[in-house]
1. What size of dipole, in debye to the nearest 20, comes out for the chain about its Cα centre when the only charges are +1 on Lys and Arg C-beta atoms and -1 on Asp and Glu C-beta atoms?
2. Quick check: the distance between the Cα centres of the range 1-58 and the range 110-168, to the nearest angstrom?
3. With +1 on each Lys and Arg Cβ and -1 on each Asp and Glu Cβ, and nothing else charged, work out how big the dipole of the range 1-109 is about its Cα centre, in Debye to the nearest 20.
4. Just the projected area, averaged over all directions, of the convex hull on the alpha carbon atoms of the chain: how many nm²?
5. Counting DSSP beta bridges in the range 1-102, what percent are antiparallel, to the nearest 5?
6. Sort the following peptides by mean Cβ neighbour count (other Cβ atoms within 10 Å, averaged over residues), highest first: 115-125, 151-161, 19-29, 85-95.
7. Please tell me the relative contact order of the chain in percent, rounded to the nearest whole number, where contacts are Cα pairs under 8 Å and at least six residues apart.
8. For Trp132, Trp197, Trp18, write out the residues from largest to smallest accessible area, computed with a 1.4 angstrom probe and no ligands counted.
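The values are calculated or read from the model by the stated rules, or taken from the named source; none is laboratory data. Quick caveat: nothing in here was measured; it's all calculated off a predicted structure. Note that each Cβ is placed from the backbone with ideal geometry, even for glycine, and that neighbours are counted across all protein chains shown. SASA here: full protein model, heavy atoms, side chains in, ligands and nucleic acids out. Shrake-Rupley method; radii C 1.70, N 1.55, O 1.52, S 1.80 Å.
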Amino acid sequence: MKIKILGTRGEIEETAPWHTKHSGVLIDDHFLLDLGEEEYLDYNPSFIVFTHFHPDHAYFVRRKNELSEKIKAYGPEENKEIGNVNIVNDTFEVDNYKFVPIPTIHSLKVKSQSYLIENGGKRLLYTGDLAWMEKKYQERLGQLDMIITEGSFFRKGGMIRRDKKSGKIYGHTGVPDLIRIFNKHTNHLVLMHFGKWFKKDVEASRKKIENEAPEGVKVEAARDGQEFSI
Ligand SMILES: [Zn+2]
Ligand SMILES: [Zn+2]
């Protein structure tokens, strides 16, 4: 699988060179995971798989203008700006790619899910934004060739809030927590969706991320446009 990370900027105002665009990942020049920028449509994706409908993952939510109905879209729930989402909460296949949606905890307002993607014997996990992934779902991951996750907060615990009424948590967990969850499942973790902390000193931040890597695991920060292959 050829993986091109199109944008690595989280939902923040600040930008830094190589980290200016919102979330989007192009797989095999064929389909997209998330659509944080309208310009990603220039890749003419056959279909788009959405983790959730926050504007930094679905640009049209911010702009309140409808996305063309011609685009084949998959996601965890309907969205009125796009209209024709195929709601997927069980394993599905498109063009020889197998997708396993994995429910995630992230927002009180929108549903979210990660995707385990399999093709040609390779296995990739794209998490999207994450306050937490329940243990029972972590256990289903098995071994993956690569995990792409987020870097909104570097500090342990990230920024998690709890809704007083429902007791539900939401927000983003921290980079050390994500590494702890996922290092059992892969030896290559790639981070994107960077928060404010990352932009202050990009080179130092990249090092901090790399230094968090446990023995035998590569952990790295992606740049906008960076390509990987598994
Ligand atoms: Zn989000
Ligand atoms: Zn986001």
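1. 1000
2. 17
3. Using Cβ point charges on Lys, Arg, Asp and Glu, the range 1-109 gives about 60 debye.
4. That works out to 11.9 nm², a quarter of the Cα hull's surface.
5. 50
6. Numbers: 115-125: 18.8, 151-161: 17.3, 19-29: 20.8, 85-95: 13.5.
Final packing ranking: 19-29, 115-125, 151-161, 85-95.
7. 19
8. Details: Trp132 65, Trp197 45, Trp18 160 Å².
Greatest to least solvent exposure: Trp18, Trp132, Trp197.
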